[in-house]
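One structure is given here, and the rest of the page talks about it.
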Amino acid sequence: MANGIRARHARTCRSREGARCSCSPSYQAQAFDARTGRQVWRTFPTLSAAKLWRQDAQVALRRGTMRPPTAKTIADAAEILITGAHDGTILDRGGKPYKPSTARGYEQLLRSYVVPVLGAWKLSQIQRRDVQDFVDELREQGRSPSTIANILDPLRVIFRRAIRRDEISIDPTDNLDLPAIRGRRDRIEPPDVAHELLAALPDSERAFWAVALFCGLRRGELRGLQWTNVDFDAGVVRVERSWDPVKGPVDVKTGAGRRAVPMAFVVRRELMAHRARTGRAGPDLVFGRTATEVFYASTIRARANKAWKEAGLEPITPHEARHCAISYFIAAGLDWKQISTWAGHGDVRQTWNRYGHLVPGGEDQARERLDAYLSPPQLVPTVAHAPENDETPVNPGVLKYRYRDSNPGYRRERAAS
């Protein structure tokens, strides 16, 4: 028998008694990983298949493209990820601790969807087709494409960490057939409607929605905003922290989240009135129920929705208000890099892909600009082209035209004979 390969006979085979083989044996091939000191083995129905696999396996182990199987299961890896995401020992792809809300979301998704179905699988045993079957099962259950993508997020983190720790060599969550997430157009109200929404609110509610509609702060950033962050002299709202409903004050979403957002006149007016009405200052919360107690998001929306319905207006959410604010920055023709900074995005491409659309009614303005740019050139009379009613003869053998477009310094001549 070849070195590293052994025959496996049936229990009833006569070879176990020293006689000739009376079964159809299988062949177990083994390869040794010098880096980990562990054996990798696999069983084949023929000796030739076992030899070929062993040769390939020895090369793959030397190159690092194959790893000995690990005994860790997906359930074990999920518990490690949940614990590490909560206590900060496991970092996200950006090298920062996970936000508390993200850690809670991963825990809920893993415990509710991933572990009950895939938890018993070993990391080294699960293959792409197994994950694909899991995705197909979620689709059959009626899960939306975005929900399926969210469920796969913590599973991808598990396998990404396993690869980095040399526990596996192939990520089974790559190249899956996933349902397409249909992009939906975010609700964007034109500025006049935004002012109508603001005017329909009680005085005590206007400041919050003015900052949401015209500064574009996230809901957690609004909840954690302090009066020390409002700089009336510089005309900016400084975002320096956010608020988690469980952990309380937390750091902003990303490094780019720490920023200064300009205050439009309506925001400045409402914030000054709000400060005079509440009598708060310094480290007090701007929109808290008290100087130190944050508001309930559900109650502030309920009060606003009641006022808007009474006024016959369609209610808007804080997240939709953020879309409006950033779209106003875009429609005003401001610099894209500045808009990206004010939105709290780390890359201007993120702002472009997420908010690169016009506010309702912007098509009219775009059409006017296109008409002005694409208007036909103006014909200027020359010696070869006389004005109407001019009796000067035109030489048919020479045609000269001079066109003048929107740039006065530009001339184009064409001569043909």
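The values are calculated or read from the model by the stated rules, or taken from the named source; none is laboratory data. Predicted, not measured: the structure shown is a model, and the values here were computed from it. Don't worry about glycine lacking a Cβ; one is built from the backbone with ideal geometry, like all the others, and counts go over all protein chains shown. Surface areas here come from the heavy atoms of the whole protein model, side chains and all, with no ligands, DNA or RNA. Shrake-Rupley method; radii C 1.70, N 1.55, O 1.52, S 1.80 Å.
Scanning segment 140-152 turns up no residue that is in contact (Cβ under 8 Å) with a residue 24 or more places away in the chain, surrounded by fewer than 16 Cβ atoms within 10 Å (Cβ to Cβ) and among the β-branched types (Val, Ile, Thr).
Of everything in segment 247-272 that is of a type in the set (A, V, I, L, M) and open to solvent by 40 Å² or more (accessible area, probe 1.4 Å), the residue that is farthest from the chain's Cα centre (by Cα) is Met272. Among the candidates Arg275, Arg280, the residue that is open to solvent by less than 80 Å² (accessible area, probe 1.4 Å), under 19 Å from Asp203 (Cα atoms) and charged (D, E, K, R) is uniquely Arg280.
Could you tell me which residue of segment 290-303 is modelled with the lowest pLDDT, considering only residues that are open to solvent by less than 60 Å² (accessible area, probe 1.4 Å) and either under 16 Å from Glu189 (Cα atoms) or not in a helix (DSSP H, G or I) (or both)? For segment 290-303, the residue satisfying everything is Phe295. Of the residues screened, Ser112 is not one that is open to solvent by 40 Å² or more (accessible area, probe 1.4 Å) and either part of a loop (DSSP other than H, G, I, E, B) or in contact (Cβ under 8 Å) with a residue 40 or more places away in the chain (or both). Residues that are part of a loop (DSSP other than H, G, I, E, B), modelled with pLDDT of 95 or more, among the hydrophobic types (A, V, I, L, M, F, W, C) and more than 23 Å from the chain's Cα centre (by Cα) do occur in segment 197-212, at least one of them. Just one of the numbered conditions (1) in a strand (DSSP E or B); (2) touching a Pro at 6+ places or on another chain (Cβ under 9 Å); (3) of a type in the set (Lys, Arg) is not true of Arg129: (1). Taking (1) touching a residue at least 40 places away in the same chain (Cβ under 8 Å); (2) open to solvent by less than 40 Å² (accessible area, probe 1.4 Å); (3) over 30 Å from Phe265 (Cα atoms) in turn, Glu205 satisfies each apart from (3). Considering segment 115-139, the residues that are in contact (Cβ under 8 Å) with a residue 40 or more places away in the chain and under 20 Å from Ala180 (Cβ atoms) include one that is surrounded by the most Cβ atoms within 10 Å (Cβ to Cβ), namely Val131. Residues in segment 186-196 that are surrounded by 15 or more Cβ atoms within 10 Å (Cβ to Cβ) and under 29 Å from the mean Cα position of the chain (by Cα): Asp186, Ile188, Glu189, Pro190, Pro191, Val193, Ala194.
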